[in-house]
Amino acid sequence: MLAEISEFWRIFIQAAFNPYHPEQHYMRGPGPACARKFGKAAK
């Protein structure tokens, strides 16, 4: 029982304080090549 509790807290702390957030690195829209190709109205 103590092993399960400590495992839960270990995983919880890792997930809560992990500095890597992949959602901050996803593309947020068309880039400059798309703007050059299709014009500024591509947004």
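The values are calculated or read from the model by the stated rules, or taken from the named source; none is laboratory data. Values in this document were obtained by computation on a predicted structure and should not be read as measured data. Neighbour counts are summed over all protein chains in view; Cβ atoms, including those assigned to glycine, are modelled from backbone coordinates with ideal geometry.
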**Request:** Could you pull out the residue among R10, R28 that is surrounded by 10 or more Cβ atoms within 10 Å (Cβ to Cβ) and out of contact with any strand residue (DSSP E or B) (no Cβ under 8 Å at 6 or more places or on another chain)?
**Result:** R10
**Item:** Set K43, K37: member being modelled with pLDDT of 85 or more and of a type outside the set (A, V, I, L, M, F, W, C)
**Value:** K37
**Message:** Restricting to segment 1-34, name every residue that is in a helix (DSSP H, G or I), under 19 Å from the mean Cα position of the chain (by Cα) and at pLDDT 80 or above.
**Reply:** I11, F12, I13, Q14, A15, A16
